[in-house]
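Engineer: First the structure, then my questions, so here it is.
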């Protein structure tokens, strides 16, 4: 009886750890809603690190990140991963998000 109880606790612990690990992995992936607003500064710093227009890139990236909770991977392009980020346009029809 004691072995069955210990085995049950072990299995529940492993299940809980598995769910926690899955949640951590999911939060580091890309896609709509994959970020918390507190992560925007770090992701935009990465995204804008290689542009000569750092200040405007950071301003618009953070604005887009707060709205979309997503920043595409890499330094340029890959916007299809974040549809909200990709489809937000200026009044003139150009891309709003870097």
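Engineer: Arrange 35, 69 by Cβ neighbour counts within 10 Å, fewest through most, would you? Intermediate results must be reported in sequence, preceding the final value.
Structural biologist: Numbers: 35 22, 69 19.
The fewest-first ordering by Cβ neighbours comes to 69, 35.
Engineer: Further question on the same structure: With a 10 Å radius around each residue's Cβ, average the other Cβ atoms per peptide and rank 36-46, 77-87, highest first. Don't skip to the end; give the middle numbers.
Structural biologist: Working: 36-46: 14.6, 77-87: 16.4.
Answer by packing, highest mean first, reads 77-87, 36-46.
Engineer: Next question, about the same structure. Please say if region 31-98 is rounded, prolate or oblate, where rounded means a/c under 1.5 for a ≥ b ≥ c the square roots of the C-alpha gyration tensor eigenvalues, and otherwise the choice is prolate for a/b larger than b/c and oblate otherwise? Provide the component values of the computation, followed by the final result.
Structural biologist: Working: a/c = 1.40, a/b = 1.02, b/c = 1.37.
In terms of gyration-tensor shape, rounded.
Coordinate-derived values only; no laboratory data. This one's a predicted model, so the numbers in the text were calculated from it and none came from an experiment. Quick reminder, even Gly has a Cβ in these numbers, built from the backbone with ideal geometry, and neighbours come from all protein chains shown.
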